[in-house]
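Structure, as structure tokens:
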Amino acid sequence: MRLDLDGLDVFFPYDFMYPEQYDYMLELKRSLDAKGHCLLEMPTGTGKTVCLISLITSYQFAHPEVGKLIYCTRTVPEMMKCIEELKRVIGYRKDQLGPEGEKVLALCLSSRRNLCIHERVIEESDREAVDGACRDMTASWVRKKAEAGGGGELCEFFEGYSANGSDAAMPNGIYSLDDLKEFGKEKGWCPYFLARHIINHANVLVYNYQYMLDPKVAGMVSRELEAESVVVFDEAHNIDNVCTEALSVDLDKRSLDAASRCLGKISSKVAEMKRTDQARLNAEYQRLVSGLADSGLGRASGGVAGSAAGAGGAAAAGGGGGGAAGAGASAGSGGGATEVAAAADAIPANPALPADILQEAVPGNIRRAEHFVSFMRKVVEHFKTRVRVQSVESETPLAFVHRMQQVTALERKPLKFAYSRLNSLLRTLEVTGLDDFRPLVDVADFATLVGTYTEGFAVVIEPTGSVVPGVYEPVMRLACLDASLAIRPVFERFASVVITSGTLSPLDLYPKLLGFSPVVRTALSMSTVRKCICPLVVTRGSDQLPMSTKFDQRDDPSVVRNYGALMIELAAIVPDGVVCFFTSYSYMEMIVSKWDELGVLKRVLEKKLIFIETKDVVETTLALDNFKRACDCGRGAIFLSVARGKVAEGIDFDRHYGRAVVMFGVPFQYTLSHVLRARLEYLRSTFQIREGDFLTFDAIRQCAQCIGRVIRSKTDYGLVILADSRYNRHDKRSKLPGWVLQFLDETHLNMSADNAAAMARMFLKDMAQPLDPLRLKGTMLDTKKVAARNREKTGKEQRNASELNPSAAAAAGGGGAVDGMEIE
Amino acid sequence: MDAMDDHDDNDGAGYAWEKGFERTWEGVEEDEHGNIKTREEGQRRNRRVRRRVGGESIKRGMIRYLYLAIDLSKTMADGDMRPSRLAVTLRIVQDFVTNYFDQNPLSQLGILVTREGRAEKITELSGNPKAHMEALTKDSDTKGEASLQNLLEMACTSLRAVPEYGNREVVVIYSSLSTCDPGDIHETIAKLKTHKVRASVVGLGAEMFVLRRLTEETSGDYSIAGDENHYRESLMAQCTPPPTPPGREGAMFADLVRMGFPAETQDVFPSLGYSGNRQELSVSGYSCPRCKTKTSELPSECVICALPLVSSPHLARSYHHLFPVPQFDEIPAAAPAAAAAAASAGSAGGMGSGAGAGRATEEESASSSYCAGCLRDLSGLPRYRCPECRSAFCLDCDMYVHDSLHNCPGCC
Ligand code: SF4
Ligand SMILES: [Zn+2]
Ligand SMILES: [Zn+2]
Ligand SMILES: [Zn+2]
């Protein structure tokens, strides 16, 4: 359908649209017109992605001055989905406009692990290993040596790319990860480097949040993107956590020991290089003296605006020390080649935000390699003494650095440079396996952040780690408390930032947390053909005793028993798949073992198989697989998982995989956590967000997230059991997103388990009746109805305008009359 | 362990008042005009819609080989239908069997059940309505879990042997919400598909994915019974022969089918004759034209020589599937004022020219406010008009004409 939306020619690839899709696009357009940010909530399963893409690409098409569409997703499957919709939209535009409509270059960007096509390298297990293996073949010094006849394996695809690909323009088209690989194989060019190079020419870019939010990665990738671009964060309900995590570092005893070993390795390397290639070390020293440092180039163009104009190829490829070393190594070759080499060497840029990086040369006392090594050794040793605590310590970065200065007599300033200085050194030493030095890099990361920031962070040292409670396993954590820090540069730099998800309620909290003021903030409800979600608030068992995971009640045998009875009941009346969410792993383990004692599990197993999420990703994936198989073959299954776990965030239980979702308890965060305490404290003092408000908000959004797992389209249906007496309270309940509340009538509140079961049976029977396709169509808008809606909207606005004036006039007149009377 | 089992038994025989309340008032809704309509009416209109999906001139097979496969697992003892699912099921199956042979006199039927994870054959394919019901009522204990795969496998093996010209069908009555299978059920579904067995399911309780899949793959129907009436309707719908699957038309005409038209006999003294598989004494009966065995009911199958025995009216009746009554057009209920206006406009036209008058009468009959079937007042109700003779009917008469009468009273 091609529609005229408030003056914009929108290409929408389907013949029908839901009313909320129309509204969504209208709101989106308003914020683009105003060149402002927006916050939009739209229920899952209503085609949010297609609206975003269809509107923004149409907008780009009509207003070529708008830069790129940068679409940030959380996972690779989401990326795929986005590309799929994009292909549909552009395909439709081509049908409408001919080849003119097809002129778009869109691509996905991901790590080497997802893009590499080198047979041996992709065999590597994890991301870091792939990166390392690739660097072994593509680092500038490796290639130089090979060129000089020194042997060593090179990657043919990288060579192919650097020979031709870096200058060649990519033909227009929409490239998913697979398409990129396909294209790369065909041409013999490395898809990873090609994609990295091409982003500046693309109209649409799809990549992970990290590429935008994590300063280490963003500095490398997103620096050059034009400010007129539109940035979309999809599924953004947890964006504040992504932001804080991007600036947080954990160090434990083991990693600190490993860091010491790294330093040993480095110092022997330094000694060796001193013997064999003193010149190289000197060259580095000279660069640092003249302020050209690793960070030198990075900083020259490091302003938020990214004024890379004069910085040349090396800086364009962006990466801290990579730029410098690469430029040095391949000095003399053409600009293009320089860029290529630099891109290959690029390793993460500075962990601090660009605006906070000092625009100075590296201080003198860490310029020499051996001085820097001994500096780092002192830092590591100090961290080691700090981490050995018997009770929890929590302090500000300022206090932490102060104490460090007193104990070690180290200065504050070199700390800020630790990360970039280390990068420069690793490059000089021609280290490719960065993986091996990860612990040391983490320490440098920690040092840089703790030296740079005094506000919005906390250093928390805990004697027991998170993995196994009770075991002495001290962790030192630099926790970012302020989500707005990491995202501020994005808001400041780009014209429009769209934050959207199925669960953003309550809408006024996000602007506070992220520190921005949206021009549009709207939550859209769901237009329905039938009541496809049936939320039931179950507060009591059949014996009328309350059910809750409240701290003082959770271990109560009656609660455990009643939850068990509910489970048995549901296993009997719900067909195929059921998903249950518990508030934490430990609570789930406790309940499952008690259920085993009570014989609950045995009775559930008569009806359905049971699968459990564990902290082990592989195990969980396997369990999920088997769960789905059991649902497919009619045996039926229950998946027990944890709110905030991997499953709750990313796995869909659509159709028969999730006919019911059960929330056992309200998923509050573990409030005794010191990091959380510090964050709450910070939120209260800085943003005036009350502790309780934040905790409730956070718990309910997790809950809504879990609910959203089971409804992925309008023809789908699902039962939602909220099993905790606290859900009945208005302050909790009312924070659920509108598309859940609209189905939550009075009669669904405060139910006992047996009432709920009766209701559930009826719901499932009703939903099993065939859905009349005519009625489904009836709720949707076709071209005609869209036109009518347009007219209605504009009509209303005009009327409003004309109403305003006469009424104002009347008011004035009335006032005059009164005055007059008084005078009389 | 023992305690556990005890509990289970209680579960099975739970009291009706423990099973949650019946919310009859929730079945009542108001329509746009404030008229009260019940959920039931909505369901019937749905059914009309469903029937429409079937389309008009479809080839239907007159000779069917159908297995009725009944889930006799523990869930059949549930009390969500009064007095129990099983009792209701037996009642409805009884009617189904009678109705099936009534409408498909040339067809055969057999009964399978599943319980304790196994499948059992209660009766072989045959044309004796009585024999089936006798066997089923004798052996209808509910026990253990259901196994859909075993059930389908058994049906498939048995149906593979039937002649090519017949329709192979399974109608499953499924009460459980899960199945305990020895292997991959999707292979069994594929097997049914290759052997051209059509599987339809009437489910109780809720929708199950495998059943949906099964019916989609084999182009059968899947309905979930909302209540007893809907249950009955859903099962009875299976009495109408399904459309012949594409690719099988050729086979339809390949064979001639041998059948007997027995003469009615009246004895002076009661003599032994077959009724189902049992012998009983009766005065009147029919004697098989081939072996002269006396049978007391038609349609059936000669117990001795297995000749299908029918009477000619039976044969005639099964023609209706081949010449169905056309679908009636639905005309939504006009608001009373509009209807009146239309009527007055019609009469105004009637005073004009002759040609106009002709049209006006037709118009008038269309908007005339009485049902051509039962003479009910139709004002304010939706009406259904025969496209051939343009008589209007009420919903009830529409259903009756299409489901039972198979003739439009207006046309003939
Ligand atoms: S250059 Fe590209 S293809 Fe070659 S190893 Fe690295 S990522 Fe893989
Ligand atoms: Zn005979
Ligand atoms: Zn009538
Ligand atoms: Zn007629």
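Shown for chain A: the carbon plus sulfur share of the solvent-accessible area, taken with all protein chains present and a 1.4 angstrom probe, equals 52%.
Taking a 1.4 Å probe, which of A:Cys534, B:Cys411, B:Cys389 shows the most accessible area, and what order do the others take after it?
On the way: A:Cys534 10, B:Cys411 70, B:Cys389 45 Å².
Sorted descending by solvent-accessible area, the residues read B:Cys411, B:Cys389, A:Cys534.
Neighbours of A:Val389, meaning other residues whose beta-carbon lies under 11 angstrom from its beta-carbon, give a summed charge of +1 when Lys and Arg score +1 and Asp and Glu score -1.
Residue order by solvent-accessible surface for A:Asp95, A:Asp782, A:Asp178 is A:Asp95, A:Asp178, A:Asp782, largest first, with ligands and nucleic acids left out and a 1.4 Å probe. Local charge for A:Glu27 was computed over the other residues whose Cβ lies under 13 Å away, with Lys and Arg +1 and Asp and Glu -1, and equals 0. Toward the positive end of the charge dipole of segment B:263-321, with +1 on the Cβ of Lys and Arg and -1 on the Cβ of Asp and Glu, the farthest Cα among B:Leu281, B:Phe269, B:Ser300 is that of B:Ser300.
A protection proxy built from the mean count of other Cβ atoms within 10 Å ranks the segments A:688-699, A:494-505, B:258-269, A:371-382, most packed first, as A:494-505, A:371-382, A:688-699, B:258-269. Considering only alpha-carbon pairs that sit under 8 angstrom and 6 or more positions apart, the relative contact order computed for segment B:59-239 is 24 percent.
Take every DSSP beta bridge whose two residues both sit in segment A:533-770; close to 5 percent of them are antiparallel. The mean count of C-beta atoms from other chains within 10 Å of the C-beta of residues in A:769-775, rounded to a whole number, is 4.
Taking R0 as 35 Å, what's the FRET efficiency between A:Glu381 and A:Val289 from their Cβ-Cβ distance, rounded to 0.05? Working from the Cβ atoms, E equals 0.80.
How many Å² of accessible surface get buried when A and B come together, counting both sides, probe radius 1.4 Å, rounded to the nearest 100? Each step should come with its number before you reach the end.
Numbers: alone 33440 and 21290 Å², together 52130 Å².
That pair hides around 2600 Å² of surface in total.
The residues of segment A:543-586 occluded by other protein chains by 20 Å² or more of accessible area, set against the chain on its own, are A:Pro575, A:Asp576; surface from heavy atoms, 1.4 Å probe.
Take the Cα of A:Met1, step 7 Å toward its Cβ, do the same at B:Ser379, and the gap between the two points is 4.0 nm.
Considering only alpha-carbon pairs that sit under 8 angstrom and 6 or more positions apart, the relative contact order computed for segment B:263-321 is 24 percent.
Ordering B:Thr114, B:Thr142 by accessible area with a probe of 1.4 Å, largest first, what comes out? Working shown, then result.
Details: B:Thr114 0, B:Thr142 40 Å².
From most accessible down to least: B:Thr142, B:Thr114.
Over all orientations, segment B:59-239 has a Cα convex hull whose mean projected area works out to 9.0 square nanometres.
In order along segment A:209-222, phi translates into HN-Hα couplings of 2, 3, 5, 9, 9, 7, x, 4, 8, 4, x, 7, 9, 9 Hz, rounded to whole numbers, per the Karplus curve 6.51 cos²θ - 1.76 cosθ + 1.60 with θ = phi - 60° and x for Gly and Pro. Exposure check, 1.4 Å probe, all protein chains in place: A:Val675 carries approximately 30 Å² of accessible surface.
Can you give me the Cα centroid spacing of segment A:379-434 and segment A:116-192 in angstrom? Computed from Cα coordinates, the inter-centre distance equals 35 Å.
With R₀ fixed at 35 Å, the C-beta to C-beta distance from A:Leu154 to A:Asp616 puts the FRET efficiency at about 0.40. Using alpha carbons only, how many degrees (0 to 90, rounded to 10) separate the axis of helix A:617-632 from the longest principal axis of chain A? Once rounded, the angle reads 30 degrees.
Among the listed pairs A:Lys68/A:Lys185; A:Lys714/A:Lys765; B:Lys74/B:Lys196, give every one whose C-alpha distance is greater than 22 Å. Over 22 Å Cα-Cα: A:Lys68/A:Lys185; B:Lys74/B:Lys196. Compactness of chain A was expressed as the Cα radius of gyration divided by 2.2 N^0.38 Å, which yields 1.04. Shielding value for A:755-763 is 3, the average number of Cβ atoms from other chains within 10 Å of each residue's Cβ. Magnitude of the charge dipole for segment B:59-239, about its Cα centre and with charges confined to Cβ atoms of Lys, Arg (+1) and Asp, Glu (-1), is about 440 debye. Note the angle between two axes, namely the Cα long axis of helix A:783-823 and the longest principal axis of the Cα atoms of chain A, as a number of degrees from 0 to 90, rounded to the nearest 10. The helix A:783-823 is inclined about 80 degrees to chain A. Classify segment A:533-770 from the C-alpha gyration tensor, please: rounded if a/c falls under 1.5, else prolate or oblate depending on whether a/b exceeds b/c. Taking the square roots of the gyration eigenvalues as a ≥ b ≥ c, segment A:533-770 is rounded.
Rolling a 1.4 Å probe across all protein chains gives B:Met399 an accessible area of roughly 10 Å². When only alpha carbons of segment B:140-191 are considered, Rg and Dmax amount to 12.6, 38 Å. In angstrom, the C-alpha Rg and Dmax of segment A:71-138 are 16.6, 49.
The alpha carbons of segment A:1-46 stretch over 30, 27, 13 Å along the principal axes, in descending order. Can you say what percent of the DSSP beta bridges in segment B:59-239, counting only those with both residues inside, are antiparallel? Round to 5. Antiparallel bridges make up about 20 percent of those DSSP assigns within segment B:59-239. In chain A, the longest principal axis of the Cα atoms and the axis of helix A:369-387 are about 40 degrees apart.
Taking all protein chains together and rolling a 1.4 Å probe, A:Tyr18 ends up with roughly 40 Å² accessible.
If one puts a single equal scatterer on every Cα of segment B:263-321 and applies the Debye formula without solvent, what log₁₀ I(q)/I(0) results at q = 0.19 Å⁻¹? One equal scatterer on each Cα of segment B:263-321 leads to -0.65.
What length, rounded to one decimal in nm, is gained on full extension from A:Tyr14 through to A:Arg684, with 0.36 nm per residue of separation minus their alpha-carbon distance? Provide the component values of the computation, followed by the final result.
Details: separation 670, 0.36 × 670 = 241.20 nm, distance 4.67 nm.
Net length gain for the segment: 236.5 nm.
In chain A, the DSSP-assigned H stretches of four residues or longer account for a calculated mean residue ellipticity at 222 nm of -16000 deg cm²/dmol, using -39500 (n - 2.57) per stretch and the full residue count as denominator.
The values are calculated or read from the model by the stated rules, or taken from the named source; none is laboratory data. Computed from a predicted structure; not experimentally measured. So basically every Cβ, Gly included, is an ideal-geometry build from the backbone, and we count neighbours across all protein chains shown. With ligands, DNA and RNA removed, areas are computed over all heavy atoms of the protein, side chains included. Shrake-Rupley method; radii C 1.70, N 1.55, O 1.52, S 1.80 Å.
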